[in-house]
Amino acid sequence: MKEELLNHAIALAAQGLAVFPCREDKRPCRPAPEPGKGGFHEASTDPDDIARLFRHSRAETIGVRTGGASGVSALDVDIRHDGDLWAVRNHERLPKTRTHATPSGGIHLLFRHRPRLDCSVGQIAQGIDVRGDGGYVIWWPAAGLEILNNMPLDQLPPWPDWAVPPPRPEKQRSEPGTIIASGYGVQRLLDFIADSPEGERNNRLHWAACRLRELWFAEPQYRENAISKLLDSAMELGLSEREAGRTIKSALGE
């Protein structure tokens, strides 16, 4: 299995995709200890680098860095949050392109990267995420999931002009608890958790913490402040401090 995964990763790299190993839970095998190090920042197209990275004992899936690093960006349609409704409404407008099924029943639509297209969560519509500069996707075909459209990577259409989220603000100092990256602030994550229906509290907390992990903070203490807010919000819903803390740490790769 490891040899097969490595060969798949090298084959993707030969097509220009910067790859790195991820665990079964989609987290990078080597979490970034600080901005710009570890995680998807280790993604490479060099076969020797890839062979070294994929020797990690927990390498189970292939991560592909999106944006300028690979020349490919992804539209992530999450049916758990009604992304399929948007996809159906815009079916005729969406260009036919390479499409991968995801474990949750959603899809990844791959497009040629548009310069300065960043990651965003729910800005285009609920359940629709963008994976561009500063992000990554799991290459689900390497895990045995279905390829719904097998368009070659060198034939991908450009990112649709009408599906570009608002540009993120320039990096600058921010107030504690404010995220500067995709424009998806801490308060929106807290609102998402607060609206959790019965039985979905832990899942929503994990999702929100995953989104938090992908964003850039002006100062380390602002990140800690945001994590504390997530924990408080989850406890207000009835989750125990231990359960909520464990979920957040798992999502953050800590």
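The values are calculated or read from the model by the stated rules, or taken from the named source; none is laboratory data. What you are looking at is a predicted structure, and each value in this text was computed from that prediction instead of being measured. Here the Cβ is made from the backbone with ideal geometry for all residues, glycine too, and neighbour counts use every protein chain on show. These accessible areas exclude ligands, DNA and RNA; they are computed on the full protein's heavy atoms, side chains included. Shrake-Rupley method; radii C 1.70, N 1.55, O 1.52, S 1.80 Å.
Numbers at a glance
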| quantity | calculated |
| --- | --- |
| The chain: calculated mean residue ellipticity at 222 nm from DSSP helix runs of at least 4, using -39500 (n - 2.57) | -9500 deg cm²/dmol |
| Sequence of Trp162, Trp207 when ordered by accessible area, the most exposed leading, probe 1.4 angstrom | Trp162, Trp207 |
| Computed accessible area, Lys249, all protein chains, 1.4 angstrom probe, square angstrom | 120 Å² |
| Top positive-direction residue, dipole computed over the chain with Cβ charges, set Val88, Ala13, His100 | Ala13 |
| Local net charge near Ser57, Cβ-Cβ under 15 Å (Lys/Arg +1, Asp/Glu -1) | +3 |
| Intensity falloff of the stretch 62-177 expressed as log10 I(q)/I(0), Debye formula with alpha-carbon point scatterers, at q = 0.13, 0.15, 0.19 Å⁻¹ | -0.48, -0.63, -1.01 |
| Cα pair distances in the chain, grouped into 10 Å bins until the bin that holds the longest one, percent each | 7, 30, 37, 22, 4 |
| Loop-located GluC sites (Glu not before Pro) in the stretch 39-120, at most 15 other Cβ atoms within 10 Å (DSSP) | Glu92 |
| Average accessible surface area per residue within the chain, 1.4 Å rolling probe, Å² | 50 Å² |
| Test item: Cα-centred dipole of the stretch 1-160, Lys/Arg +1 and Asp/Glu -1 on Cβ, debye | 180 debye |
| Theoretical gain in end-to-end length, Glu236 to Asn150 [0.36 nm per residue, Cα-Cα removed] | 26.4 nm |
| Share of carbon and sulfur in the accessible heavy-atom surface of the chain [1.4 Å probe, %] | 47 percent |
| Neighbourhood net charge (11 Å Cβ-Cβ; Lys/Arg +1, Asp/Glu -1) for Ser70 | +2 |
| Between helix 220-236 and the chain: long-axis angle, C-alpha atoms, 0 to 90°, nearest 10 | 70 degrees |
| Computed accessible area, Val88, all protein chains, 1.4 angstrom probe, square angstrom | 110 Å² |
